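Participant: First the structure, which I've put down as C-alpha cells, then a few questions once you've had a look.
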Amino acid sequence: MKNKSILSSVLIIFTMLPISIFSQNLEINKFEFSINGGSLLPGNVKGSYHSDFEPDSTVTIKNRISPLIKIIADYNLNSKYSVGLNVNYAKFNIDDILYKDNSIKNGNKVNLGFWDGREHIIPFDDIKMFEINASIKRRFIFAENMVLKPSLYIGFRKTFSSSPDAEEKGVVLNYNVEYQYYIRDLFLSADLGFLSQPYGGVDHVGYVRSLGEPYFTFGVGVSI
C-alpha cells in the first residue's frame, strides 16, 4: 500500500505540471523504439471462484519484487500526441496467498483442492506473465531534450506455468508516466506505472482481478 501511495503521488504530480513550463524545441521524429528493464513491486491480485468476488470465495495473491522487461514502439502523431504498441514480460513471483487475512500457503505453493480428478495447484515461483498493449500518450517537451509522457494502455495478458491452474488470461488497463532524455537520436528512458487487469481468469477454475500492480523500469531507445 505504501508503494502504491508513493507512485500515485508521483504520477499525479507529473500529470498536473502546468503546460506553460514546457517548450516545443525538440525535433520530432516519427518513430521511437526502446527496451526497458525493471521490477514489478509488491502488490495484490484477487482470485475468486465467483465473478462478483464474494469475500467467502476470494483470496488475495501477494507478489514479491519480480523482474520486468518492456519493449516499446511509438508513432508520434505530432509534437503533443503519440500512439504505440508495447510488450511486457515478467516473472511473477508470489509471496503469499491469503484467505480472510490468513495465509493458506503450503511451502512454495497453494493447493486449491481436488476436483475434476486432480489436485489444483498454484506454484509460487513458476508463473510468467506476458502482455501486449496499445497505447495513447500525451507528450510534454521541455528543456529542449527531455520529454514527459503520461500514457494509457489497453491490451491482453496471458500467464504461463507448469500448472494449468496458474495459466490465466484477461483484459489489461495500464497507466504510466515515462521520462525520456534525448542525446541526438538516442534517448534514455525511465517510467513509473501500474499494471491492472479488470477482467479475466483461469478457465474452469476462477476469476482473476488486479486493480494496480506498481512497477518501474529504465532503458534506452532510438528515434528515427
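The numbers here are math on the coordinates, done by the rules we state, and not lab data. A quick note: this is a predicted structure, and the numbers were derived from the prediction, not measured.
Participant: If I take every Cα pair under 8 Å that is 6 or more residues apart in the chain, average their sequence separation and divide by the length, what percent do I get for the relative contact order? The partial results should precede the final answer.
Facilitator: Numbers: 613 pairs, mean separation 51.1, N = 224.
That works out to 23 percent.
Participant: Still on this structure, please answer the following. Does anyone have the angle between helix 2-16 and the longest principal axis of the chain? Alpha-carbon axes, 0 to 90°, nearest 10?
Facilitator: The angle comes out near 30 degrees.
Participant: Between Gln197 and residues 5 or more places away or on another chain, which pairs have amide H atoms under 5 Å apart, with H built 1.01 Å from N, and which residues are they?
Facilitator: Residues meeting the criterion, in which the H sits 1.01 Å from N, are Leu173, Ser210, Leu211, Gly212.
Participant: Follow-up. Using alpha carbon centroids, what distance separates segment 88-164 and segment 169-201, in Å?
Facilitator: Each part reduced to its Cα centre gives a spacing of 14 Å.
Participant: Which of the lysines could a cross-linker span from Lys80 if the Cα-Cα distance has to be under 22 Å and same-chain partners fewer than 8 positions apart are dropped?
Facilitator: Hits, sequence-local ones excluded: Lys30, Lys137, Lys149.
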